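The structure under discussion appears below in the form of structure tokens.
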Amino acid sequence: MPGASSGGGRVGVLQGTMSYVLQDESGQIATTHSISAGLDYASIGPEHAYLHDSGRAEYTYASDAEALEGFALCAELEGIIPALEASHAIMPALRIARELPQDDVVIVNLSGRGDKDVQLVAELPTE
Amino acid sequence: MSRISDTFLALKGSGRGGFIPFITAGDPDLATTELLIIELGAAGADIIELGVPIQRPGGRRRESFSAHLNARCGNGVTLRDALTCIARAKQQIDVPIILFSYFNPLFAIWREIGWQAKLRRLESTQCSSPI
């Protein structure tokens, strides 16, 4: 589940790949931010763009705060530390699950492990 | 043959190296860039490379040539500005110009006005070649 890049952008070419790209009207690539390095990018993989256009997949997004909330929740409830990239999927998955019948099964694909992110999360200022 | 090829053939024929300066559109402003193109042409530049600033090179964590441009030219100069600048300078000086741009701004214009129209636009500015 890509981050903010899946929420906008138009077709462009970044680093040799045509896909949806965050850019201004003159084609200048937009600056981006994400708490997860893997999502801090102004474009999405072209396969995702294809799946989006063909209607075979729907995309959503999560903020940094939601990703951190999902990160903590997954660690507490499941004993699994997800990568911050994959953490973006958890809160949207919970929102979707609330709309489904009790017996339905929702699969969240945790595409990476969060060992690499523990220090970053630990060093974040606590509210 | 393009004007670029013609220039290199002429240089080779005369046994001398070429003077091919690189400048950045909008550094420090477009009026100066226009003046620089004219003056460089008058000073004997064989070809001029004109760079179009890019806001975000390939990742903000990387040092790159484009980042250098970005640091010096945060004034919102676009590809269209560069093309206009070339067209104005070309009214006064005839020197081959290579447009050095990241691909996406060219692609954005193509998406808007079509590929053929884009080529005509480049020709109308007498830009010899885009990179």
Within segment A:1-95, which helices (runs of 4 or more DSSP H) (wholly inside it) include 1 or more residues that are among the hydroxyl-bearing types (Ser, Thr, Tyr)?
A:46-54, A:84-87
Out of all the residues in segment A:20-40, which are within 7 Å of chain B (Cβ to nearest Cβ), polar (S, T, N, Q) and touching a residue at least 12 places away in the same chain (Cβ under 8 Å)?
A:Gln23
Scanning segment B:1-20 residue by residue, those surrounded by fewer than 15 Cβ atoms within 10 Å (Cβ to Cβ) and either under 19 Å from the mean Cα position of the chain (by Cα) or small (Gly, Ala, Ser) (or both) turn out to be B:Ser2, B:Ser5, B:Asp6, B:Ala10, B:Gly13, B:Ser14, B:Gly15, B:Gly17, B:Gly18, B:Phe19
Cross-chain or 6+ apart pairs with Cβ under 6 Å, segment B:87-110 first and without any contact (Cβ under 8 Å) to a residue 24 or more places away in the chain, then in a helix (DSSP H, G or I):
B:Trp110/B:Lys118
Could you say whether any residue in segment B:33-45 is at pLDDT below 90 and assigned to a helix (DSSP H, G or I)?
no
If I filter segment A:103-113 for residues that are under 18 Å from the mean Cα position of the chain (by Cα), touching a residue at least 40 places away in the same chain (Cβ under 8 Å), assigned to a helix (DSSP H, G or I) and surrounded by 10 or more Cβ atoms within 10 Å (Cβ to Cβ), do I get at least one hit?
no
Determine which single condition A:Asp117 fails, assuming it passes every other condition in (1) under 30 Å from B:Phe107 (Cα atoms); (2) assigned to a helix (DSSP H, G or I); (3) touching a residue at least 60 places away in the same chain (Cβ under 8 Å); (4) not hydroxyl-bearing (Ser, Thr, Tyr).
(1)
Tell me, which residue of segment A:78-102 that is among the hydrophobic types (A, V, I, L, M, F, W, C), over 12 Å from the mean Cα position of the chain (by Cα) and closer than 18 Å to A:Asp115 by Cβ is surrounded by the most Cβ atoms within 10 Å (Cβ to Cβ)?
A:Ile81
Identify the residue in segment A:10-19 that is among the small types (Gly, Ala, Ser) and more than 7 Å from chain B (Cβ to nearest Cβ) and, among all such residues, is surrounded by the fewest Cβ atoms within 10 Å (Cβ to Cβ).
A:Gly16
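Can you tell which of B:Ala108, B:Ala117 is assigned to a helix (DSSP H, G or I), at pLDDT 65 or above and away from chain A (no Cβ under 14 Å)? Walk me through it before giving the result.
Working: B:Ala108 fails: away from chain A (no Cβ under 14 Å).
After applying the criteria, what remains is B:Ala117.
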State yes or no: is A:Ala57 more than 25 Å from B:Ile113 (Cα to Cα), crowded, with 21+ Cβ neighbours inside 10 Å and out of contact with any Gly (no Cβ under 7 Å at 6 or more places or on another chain)?
no
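Scan segment B:54-69 and tell me whether some residue there is assigned to a loop (DSSP other than H, G, I, E, B) and either at pLDDT 95 or above or under 16 Å from the mean Cα position of the chain (by Cα) (or both). Quick ask: steps written out before the conclusion?
Let us first name the residues in segment B:54-69 that are assigned to a loop (DSSP other than H, G, I, E, B), namely B:54-64.
Subsequent filtering for residues that are either at pLDDT 95 or above or under 16 Å from the mean Cα position of the chain (by Cα) (or both) retains B:54.
Scanning segment B:54-69 turns up at least one residue that is assigned to a loop (DSSP other than H, G, I, E, B) and either at pLDDT 95 or above or under 16 Å from the mean Cα position of the chain (by Cα) (or both).
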Can you name the number of the only condition in (1) at pLDDT 95 or above; (2) part of a helix (DSSP H, G or I) that B:Ile4 fails?
(1)
Before we move on, is A:Ser43 within 14 Å of another protein chain (Cβ to nearest Cβ), over 16 Å from A:Asp117 (Cα atoms) and surrounded by fewer than 21 Cβ atoms within 10 Å (Cβ to Cβ)?
no
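The values are calculated or read from the model by the stated rules, or taken from the named source; none is laboratory data. All figures in this text were calculated on a predicted structure; none of them were measured in a lab. Heads up, the Cβs are rebuilt from the backbone with ideal geometry, glycines too, and the neighbour counts pull from every protein chain shown.
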